[in-house]
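Student: Can you read through this structure? Questions will come right after.
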Amino acid sequence: MSASANDQVSWLRQPGVLAALPAAIFLLLGFAGPLVMVFGYSFMPARSFSLLQAPTLENYVSVVSESYYISFAWSVSLAALTVLLLFPICYPVAYGMARLFGKWANLVTVLIAVPLLISENIRLFGWVLVLVKNGILDGSLQTLFGASASGPLYSVPAIVLGLVYVYLPFMLFPLVIGISMVPDTLKEAASDLGASRWQIFREIELPLSMPGILIGGILTFILALGSLAESKILGGQAIVMIADDIESAFTFAQNWPKGSVLSVLLIGLSGLIVFALFRRIDLDQIIGRR
Amino acid sequence: MSASQSSRTTRSLIVIWTVTVIAFLYIPMVAVALASFSKQRYFRFPISRWTTEWYTKTFESLSVRDLLWTSLSVAALVTVFSVLLAFFGALAFARYDWKGRKLYQRLVLLPIFFPQAVLGLALLLWFSVLDVTTSWQTAVFAHMIWIVPIVILIMSIQVYSFDPALEEAAFDLGATRWQVLREVTLPILSPGIISGGTFAFLLSWGNFPLSLFTTGADQTVPEWLYAKMVSGYTPMVPTLGTLTMSGAAILILVIYLVWMALGARRRARMATNDE
């Protein structure tokens with residue numbers, strides 16, 4: 001008994017544990033706490049604001065029986081489409097950054113990272129100005145060809161454009177890391193042994209850069225799954241995504257238990273995917289190149 | 001011959017594609033900047049009459065001053081606290097070997113993988129259950145949940161390349177823990193601290209989904225922009241947007257120069273030490 005208490009004290013005294021404590025306590029209070037609470041609310045009777053009532057499954061039953069599967073389906077399919085579009089868009093750029101650009105790679109990195117530091121709202125608003133009736137696209141077409149392109153805004157393709165645009169760097173940078181993990185010598189060896197370029201790509205580059213591809217794909221998928229601004233700003237009322245439903249349940253409808261159920265389902269889905277990813281990769285190797 | 005020619009073609013295609021992708025990333029920013037100089041109340045392209053009057057109006061507006069002040073206070077506090085927490089967090093992440101580190105690495109990164117709008121709503125509930133009135137101070141807390149993990153990740157990259165033998169040497173020479181931190185660890189990690197701090201500031205400055213639910217009656221710049229986009233459009237939206245973008249660009253440039261200067265100074269010092 002006292003021996004294990006001593007063990008705990010000596011574990012606590014390690015510099016690593018001491019250094020980890022501030023951020024860990026902070027995230028426990030600000031991240032784990034709210035999530036546990038949302039989980040708790042999902043079992044409270046509908047429209048209640050207290051956590052101290054008899055738990056019930058009625059919210060889960062009502063969410064499943066109502067039409068929320070539509071917004072879930074939209075979110076999942078648009079997120080999947082975003083990943084499928086981003087991979088071929090980003091792979092050549094990532095390949096260039098990891099292999100071809102040399103000292104220019106730093107400049108390309110900065111140019112791609114800078115938009116991340118500009119508010120998402122401003123950038124999406126820029127697309128509104130491009131796509132809106134009499135906007136930059138429509139106005140240019142009218143002036144140049146007398147044709148009109150009114151209507152691309154407030155539609156599903158506009159939302160997809162927004163998602164692809166906003167999450168592009170989140171696919172690109174992991175891909176760069178993934179591709180630079182593939183040793184040049186392996187490719188040379190394969191080439192010397194007569195492998196074609198397609199074979200080298202399929203048998204060597206793709207599998208060896210898989211950790212980067214997985215991180216990029218999953219990061220993009222999860223961020224797009226829970227996105228709110230793209231469908232609000234570029235989609236208008238075209239479709240409702242799951243984050244919209246969660247927001248209206250918590251705010252307009254003032255139904256915390258229902259909003260909590262929807263959050264739990266979204267978090268559960270994302271969580272499953274992230275844990276599956278974390279089981280397959282080693283962070284020390286990817287971030288620290290160890 | 002033909003092989004090298006085809007690889008040269010691939011090379012040029014990749015360069016052209018990269019330039020296209022970068023141009024794509026900057027299209028909306030150019031659009032916002034253009035709109036801020038258009039005289040018309042509602043944006044029409046091509047722009048027929050140009051003006052800078054919206055800039056004068058924006059500078060004179062007292063409500064814009066309030067917004068900027070709120071956003072600045074939030075971003076400044078987020079930067080200071082995040083860098084402090086993340087500095088030690090990154091040491092635990094990448095420098096020290098301890099039982100539980102692998103688990104810590106995974107858990108601490110979870111908020112990055114989390115939908116921000118849902119996090120904002122969960123925090124709104126959390127504050128209301130704890131009976132905390134939401135204001136810009138609660139937004140500082142909310143931003144940090146998302147930004148501390150990002151800064152830990154950025155700083156860890158620097159920490160991984162840090163040679164622990166340097167700290168041990170200083171200890172052997174009789175330095176105290178505090179002296180080692182101040183004289184060895186901090187200077188070596190300063191590029192990571194600077195880039196982490198820059199990210200913290202700008203990500204907090206531009207954040208919308210977390211602010212939306214956690215600022216209460218206060219309003220940050222991105223919230224105001226969104227509210228005006230949805231209803232009550234004014235050309236001050238692209239104007240304030242352009243000002244924000246220029247501010248961020250200048251800050252990034254300054255930080256980049258400082259970063260380069262630090263690197264050059266360190267290389268110079270190492271060169272003199274070698275002699």
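Student: When chain A is modelled as a GNM with alpha-carbon springs shorter than 10 Å, which of A:LEU84, A:LEU107, A:LEU208 fluctuates the most?
Tutor: Largest GNM mean-square fluctuation: A:LEU107.
Student: How far apart, in nm, are the 7 Å Cα→Cβ label points at A:SER77 and B:LEU173?
Tutor: 6.6 nm
Student: To the nearest 0.05, how large is the calculated FRET efficiency for A:PHE49 and B:ALA268 if R₀ is 56 Å and r is the Cβ-Cβ distance? Write down the numbers at each step before the final one.
Tutor: Numbers: r = 63 Å, r/R0 = 1.12.
Calculated value: 0.35.
Student: Turning to a different aspect of this structure: Answer with one residue from B:LEU121, B:PHE162, B:ILE194: the one whose Cα lies farthest towards the positive end of the charge dipole of the stretch B:105-201, charges on Cβ with Lys, Arg +1 and Asp, Glu -1.
Tutor: Highest projection toward the positive end goes to B:LEU121.
Student: Using the beta-carbon distance between A:ASP184 and B:SER246 and R0 = 41 Å, what value does 1/(1 + (r/R0)^6) give for FRET efficiency, to the nearest 0.05? Can you show the working numbers first?
Tutor: Details: r = 41 Å, r/R0 = 1.00.
FRET efficiency, A:ASP184 to B:SER246: 0.50.
Student: Going by C-beta contacts inside 10 Å, put B:MET155, A:MET210 in order with the fewest on the left.
Tutor: Numbers: B:MET155 27, A:MET210 15.
In order of increasing Cβ crowding within 10 Å: A:MET210, B:MET155.
Student: Taking the Cα centre as origin and putting +1 on Lys and Arg beta-carbons and -1 on Asp and Glu beta-carbons, what dipole magnitude results for the protein assembly as shown, to the nearest 20 debye?
Tutor: Working: 35 positive and 30 negative charges, 173 e Å.
For this selection, approximately 840 debye.
Student: Give me the dipole magnitude in Debye, nearest 20, for the stretch A:151-277 about the Cα centre, with unit charges on the beta carbon: positive for Lys and Arg, negative for Asp and Glu. Please report the intermediate quantities before stating the final value.
Tutor: Working: 5 positive and 9 negative charges, 43 e Å.
In total the dipole reaches around 200 debye.
Student: Moving on. With +1 assigned to the C-beta of every Lys and Arg and -1 to the C-beta of every Asp and Glu, and no other charges, what is the dipole magnitude of chain A about the Cα centre in debye, to the nearest 20? Intermediate values should be presented prior to the final figure.
Tutor: On the way: 15 positive and 16 negative charges, 66 e Å.
It comes to approximately 320 debye.
Student: Also, quick follow-up: Positive end of the dipole of chain B, charges at C-beta (+1 Lys, Arg; -1 Asp, Glu), about the Cα centre: which of B:LEU203, B:LEU72, B:SER82 has its Cα farthest in that direction?
Tutor: Towards the positive end, the residue furthest out is B:LEU203.
Student: Give the value in nm², to one decimal: projected area of the alpha carbon convex hull of the stretch B:61-274, averaged over all directions. Numbers along the way, then the final one.
Tutor: Numbers: hull surface 59.2 nm².
Average of the hull's projected areas for the stretch B:61-274 equals 14.8 nm².
Student: So for the stretch B:61-274, taking the charge dipole from beta-carbon charges (+1 Lys/Arg, -1 Asp/Glu), which of B:THR176, B:ALA248, B:ALA271 sits furthest toward the positive end?
Tutor: B:ALA271
Student: Oh, and also: Only sites in a loop by DSSP and with at most 11 other Cβ atoms within 10 Å count here; which trypsin sites (Lys or Arg not before Pro) in the stretch B:60-108 make the cut?
Tutor: Working: sites: B:ARG65, B:ARG95, B:LYS99, B:ARG101, B:LYS102, B:ARG106; in loops: B:LYS99.
Here the trypsin sites (Lys or Arg not before Pro) that fit, given the DSSP loop and packing criteria, are B:LYS99.
Student: If you build a Gaussian network model of chain B, linking Cα atoms that sit under 10 Å apart, which residue out of B:ILE47, B:ILE27, B:ILE16 swings the most?
Tutor: Looking only at B:ILE47, B:ILE27, B:ILE16, the largest GNM fluctuation is found for B:ILE16.
Student: What ³J(HN,Hα) values, in whole Hz, does the Karplus curve 6.51 cos²θ - 1.76 cosθ + 1.60 give for the stretch B:209-215 when θ = phi - 60°, with x put for Gly and Pro?
Tutor: x, 6, 4, 3, 9, 10, 8
Student: Over all directions, how big on average is the projection of the convex hull of the alpha-carbon atoms in the stretch B:1-75, in square nanometres?
Tutor: Directional mean of the projected Cα hull area for the stretch B:1-75 stands at 8.9 nm².
Student: Could I ask something else about it? Out of A:GLN142, A:GLN237, A:GLN14, any idea which swings most in a Gaussian network model of chain A, alpha carbons joined below 10 Å?
Tutor: A:GLN14
Student: In whole Hz and in residue order, list the ³J(HN,Hα) couplings for the stretch A:78-95 that follow from phi through the Karplus curve 6.51 cos²θ - 1.76 cosθ + 1.60, θ = phi - 60°; x for Gly and Pro.
Tutor: Karplus values, whole Hz, x for Gly and Pro: 5, 5, 5, 4, 4, 5, 5, 6, 6, 4, x, 5, 8, 4, x, 5, 4, 4.
Student: Follow-up. Give the dimensionless ratio obtained when the Cα radius of gyration of the protein assembly as shown is divided by 2.2 N^0.38 Å.
Tutor: Values: Rg = 25.2 Å, N = 565, 2.2 N^0.38 = 24.4 Å.
Compactness ratio reported: 1.03.
Student: Calculated FRET efficiency, A:ARG197 and A:ASP7, Cβ-Cβ r, R0 45 Å, to nearest 0.05?
Tutor: 0.20
Student: Counting each DSSP H run of 4 or more residues in chain B as -39500 (n - 2.57), what helix-only mean residue ellipticity at 222 nm follows after dividing by all residues, to the nearest 500 deg cm²/dmol?
Tutor: On the way: 12 runs with 209 residues, N = 275.
After summing the helix terms and dividing by residue count, I get -25500 deg cm²/dmol.
Student: If you don't mind, there's one more thing I want to ask. With every atom except the alpha carbons ignored, what do you get for Rg and Dmax of the stretch B:1-160, in angstroms?
Tutor: Final numbers for Rg and Dmax: 23.5, 74 Å.
Student: Using only Cα atoms, locate the centre of the stretch B:229-275 and the centre of the stretch B:184-213, then give the distance between them in Å, rounded to an integer.
Tutor: Each part reduced to its Cα centre gives a spacing of 12 Å.
Student: Calculate one ³J(HN,Hα) per residue across the stretch A:208-214 by plugging θ = phi - 60° into the Karplus curve 6.51 cos²θ - 1.76 cosθ + 1.60, and present them in order as whole Hz with x for glycine and proline.
Tutor: 6, 8, 4, x, x, 5, 5
Student: Below 8 Å between Cα atoms, with a sequence gap of 6+, how large is the relative contact order for chain B in percent? Don't skip to the end; give the middle numbers.
Tutor: On the way: 256 pairs, mean separation 79.9, N = 275.
Relative CO of chain B lands at 29 percent.
Student: Could I ask something else about it? Obtain the nm distance between the two label points defined at A:ALA276 and A:LEU214 by a simple spin-label model: each point lies 7 Å from its Cα along the Cα-to-C-beta direction.
Tutor: About 1.1 nm, to one decimal.
Student: Additional query: Scan around A:ASN134 for amide H atoms under 5 Å from its own, H built in the peptide plane at 1.01 Å from N, and keep only partners 5 or more places away or cross-chain.
Tutor: A:GLY139
FYI, it's all coordinate maths here, none of it is from the lab. Please read these numbers as outputs of a predicted model, since none were measured by experiment. Neighbour counts are summed over all protein chains in view; Cβ atoms, including those assigned to glycine, are modelled from backbone coordinates with ideal geometry.
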